[in-house]
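> Quick one: this structure, given as structure tokens, is what I'll be asking you about.
The values are calculated or read from the model by the stated rules, or taken from the named source; none is laboratory data. For clarity, every value in this text was computed on a predicted model and none was experimentally measured. Methodologically, a virtual Cβ is constructed for each residue, glycine included, from the backbone with ideal geometry; neighbour enumeration extends over all protein chains shown.
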Amino acid sequence: MDLIRDLLDTRILDKQGRRIGRVDGVWLRVDARRPPRVLSAEAGLSTVSHRIHKSFGRLVRAWIVRRSGRLRAVKFPVTVWTKLDKDLHVGLDAECQGQLLRFEKWLRRNIVNRIPGGGAR
Amino acid sequence: MKGLLKIALGILTSVGGYLEAGSIGTALQAGAAFRFALLWPIAAGTVCIAFLVEMSGRLAAVSRHTMVDIMRKRFGVSFHIWPFVAQLVVDLFVLASEIGGAAMAMQLAFGGSIRVWALPMAVLVWALLWFTSFATIENGVATLGLVTLCFVVATVQLGPDPHAVASGLVPRLPVSNAAQYGYLAVGMLGATISPYLVTFYSSGAVEEKWSPKDLVANRIVAGIGMSFGGMVSMSVVIVSALVLAPQGIQPESFKDAAGVLRPVFGAGGLYLFAASLGVGCLGAALELALDLSYLAAQTFGWEWGEDQEPSHEARFALTYTAALVLAIVPSLLAIDPLKLTMAAMAFTVIALPIVIGPLMVIMNDPEYLKTHTNGWITNIAVTAIVVLGVILAIVSIPLQFAGS
């Protein structure tokens, strides 16, 4: 697998086919005696901002830590991957997993559902 | 039969949704200042946008991914961020000018000021996006947009000299006011080759689940729909050249040009002009606000789609909401919509290579297009027109500002 071509920046879909992010970073285990092994894909603002520019990444990370106390990038270990084609499919249901789509769920609960028509069309 | 209906609807959408603040504003000024001499930027721009729209539809039909989706995947986020930011700024700028144009249309029809009308217009756009579906927006606004055909009717009624009109289709150096001529040509190219049309069309094709079976319909809609749309845009130049130029009116704002349809339609001409401007701007504002959400959602991998309830895609719905809030600021500051439009169009042309360049690379990549990659005619035509636009922009924009 070519990590940059095949994995990095790929869309991540949950088991319902819902778009839940992009592969903003990849975690590898590097061992001098073996080829590197992929541990997980990572998605999150702190990761993507670091890839855009290191200084920008530092600013964003500092802001996130100040706001919520810690970095909240989500890791998808290879054990939850079900398929990798043009998209990365993971065997998780984003609606049932507390650590996924946190900001989306917060916006839904606190803003969108309070506006008429937000919940039903 | 179903295919024919789809093509007819696509052409209707292209024609009805073609005119907006940029195309009306630049065409009125061009006709008044240079009569038919600036018909060629519309012709060149229409050829270019027809190619671009066909390309983005083809990409979506073959790969089942949108242009923005593929751009991030193909080039990586550290490159993709530049076209993303460029288009975000251009879209916001143009959205502000469309809201201003719609507010100006209401001012012309009912009085008041654009400051008063900007908020209701933005709320109307937001409500249509929040409460209705993609098909309702696309087909409803395009059908209402057929009111812009009043400019075609006016052209036929006024009976321009066909030779004079045809000569305007060939680019020529102006006798005087070269800077204004170049600046208007840039504005007209920017109004015609709007990048938002390309990303919006690509997102729409994925929303409507296009497949390679739709490639023929895509080609026909892009070619015929955009050509008819370009003709409507040219009719605005012609009517302006036949009505405003002889009276020596050089429109500095939409209000100055409001009487352009009066010689053909009498007192009702003002209302037809206001309706054309209002519906055109409203339709474009809907597409631009949606496009801003598409851009953000596809760049960051959020859930998106105008047919879903806002609660299923809170970030998508709140992006167009925030964009509309930002877009009413220039109107609340009483910045003239036509001046804002001209600036937005010039900026669009400068941003074109950043947005279109990566698309051209993708369109020649068999990994995404399989056997449907671009032919050499498409590559040469689009590159030549975009390069021409940028050169004109680099030369004429500083000259125009130095002159004024």
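> Just give me the residues in the stretch B:333-392 being small (G, A, S) and part of a helix (DSSP H, G or I), in sequence order. Walk me through it before giving the result.
Residues of the stretch B:333-392 small (G, A, S): B:334, B:343-344, B:346, B:351, B:357, B:375, B:381, B:384, B:389.
Scanning the stretch B:333-392 gives B:A343, B:A344, B:A346, B:A351, B:G357, B:A381, B:A384, B:G389.
> For B:A102, state whether it is modelled with pLDDT of 95 or more and over 30 Å from A:K86 (Cβ atoms).
Yes; evaluated as a whole, the condition is true for this residue.
> So B:G259 fits all but one of (1) over 19 Å from B:Q107 (Cβ atoms); (2) assigned to a helix (DSSP H, G or I); what number is the exception?
That leaves (1) as the condition not met.
> For B:S293, indicate whether it is free of Cβ contacts under 8 Å to residues at least 12 places away in the same chain, hydroxyl-bearing (S, T, Y) and within 14 Å of another protein chain (Cβ to nearest Cβ).
On the way: free of Cβ contacts under 8 Å to residues at least 12 places away in the same chain: no; hydroxyl-bearing (S, T, Y): yes; within 14 Å of another protein chain (Cβ to nearest Cβ): yes.
So B:S293 fails the test.
> Please go through the stretch B:78-97 and give me each residue that is within 14 Å of another protein chain (Cβ to nearest Cβ) and surrounded by 24 or more Cβ atoms within 10 Å (Cβ to Cβ), ordered by number.
B:P83
> Right, something else. How many residues are among the acidic types (D, E) and either within 11 Å of chain B (Cβ to nearest Cβ) or surrounded by 20 or more Cβ atoms within 10 Å (Cβ to Cβ) (or both) if we restrict to the stretch A:1-52?
Number satisfying all stated conditions: 4.
> Please specify each residue of the stretch A:87-110 satisfying the condition of being in contact with a Ser or Thr (Cβ under 7 Å, 6 or more places away or on another chain) and under 27 Å from A:D2 (Cα atoms).
Across the stretch A:87-110, the qualifying residues are A:D87, A:L88, A:H89, A:V90, A:G91.
> Is it true that B:L19 is farther than 29 Å from B:N364 by Cα, modelled with pLDDT under 95 and in a loop (DSSP other than H, G, I, E, B)?
It is true that B:L19 is farther than 29 Å from B:N364 by Cα, modelled with pLDDT under 95 and in a loop (DSSP other than H, G, I, E, B).
> When the residues of the stretch A:53-88 are narrowed to those that are within 14 Å of chain B (Cβ to nearest Cβ) and surrounded by 17 or more Cβ atoms within 10 Å (Cβ to Cβ), which ends up nearest to B:R72 (Cα to Cα)?
Out of the qualifying residues, it is A:D87.
> Those residues that are among the aliphatic types (A, V, I, L, M) and crowded, with 17+ Cβ neighbours inside 10 Å, I need them from the stretch A:89-112; list them, please.
A:V90, A:L92, A:A94, A:L100, A:L101, A:L107, A:V112
> Related question: Considering only residues of the stretch B:14-26 that are closer than 14 Å to B:A346 by Cα and among the small types (G, A, S), which is farthest from the chain's Cα centre (by Cα)?
The selected residue is B:G25.
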